[in-house]
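S.K.: Please find one structure pasted underneath; my questions will follow.
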Amino acid sequence: MRLRRMSAVTLLFVASSPLLAQSDAPATREDVLKLFDTMKIHEQMRSVMDSVVKQQRGMIHETLKKRSPQITEEDFARLDQLTANIVKDMPVDTLLDDMIPVYEKHLSRSDVDAMNTFYASPTGQKLLREMPAMTAESMQAAGPHMQAMMEKVMDQAEKMDAEGRKKQSGSPKPAIDKN
């Protein structure tokens, strides 16, 4: 009887070991692509990039106006068009391809399956629908802090530039070797 129980436990363990190994298996490219599809990540990236550009545009305009009051509306229009063209030409598919190995490295197949289940659910779909607006509103809320940080960085860069120019103009000229 005891031998029969041990045999049953051993058989159960052997039969379930492929399932255990499979749950810890790393995510495959196909797993990650399925997750990206469920998450509508291509559209999400485009939407987030558009939000970031809109938010950054305001901060850049504000900073440039303060630093270069002579900048014209035509200059801003050209800058905005350049930025829009860069974003439009952004190779989202290439970026996603670059992301796949990262997801494969950090997520197991069971992680991706659980994420797929969540993002396919009504709550997951709502999160995906609302995420662009949430990101845009969060960036808007943080904008004044980001603007202040940008101002500090620009001030420091100007100081460093001025110090560098001062050192260059005040440094002695190298001696000429007459040999």
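S.K.: Taking Ser110 and the conditions (1) in a helix (DSSP H, G or I); (2) under 30 Å from Lys159 (Cα atoms); (3) over 23 Å from the mean Cα position of the chain (by Cα), which numbered condition does it fall short on, given that it satisfies the others?
M.R.: So the condition that Ser110 fails would be (2).
S.K.: Looking at Asp80, Asp93, Asp98, which is the one that is assigned to a helix (DSSP H, G or I) and touching a residue at least 24 places away in the same chain (Cβ under 8 Å)?
M.R.: Asp93
S.K.: Further, regarding this structure: Can you pull out the residues in the range 53-105 that are within 16 Å of the chain's Cα centre (by Cα) and either surrounded by fewer than 12 Cβ atoms within 10 Å (Cβ to Cβ) or on the phi > 0 side of the Ramachandran plot (or both)?
M.R.: Pro91, Asp93, Thr94, Asp98, Pro101, Val102
S.K.: Here are some residues: Met115, Met149, Met131, Met139. Which one is assigned to a helix (DSSP H, G or I), without any contact (Cβ under 8 Å) to a residue 12 or more places away in the chain and not acidic (Asp, Glu)?
M.R.: Result: Met149 is the single residue among Met115, Met149, Met131, Met139 that is assigned to a helix (DSSP H, G or I), without any contact (Cβ under 8 Å) to a residue 12 or more places away in the chain and not acidic (Asp, Glu).
Bear in mind these aren't lab numbers, they're just calculated from the coordinates by the rules spelled out. Remember, predicted model here, so these are calculated numbers, not experimental data. No Cβ is skipped: glycine too gets one built from the backbone with ideal geometry, and neighbour counts run over all protein chains shown.
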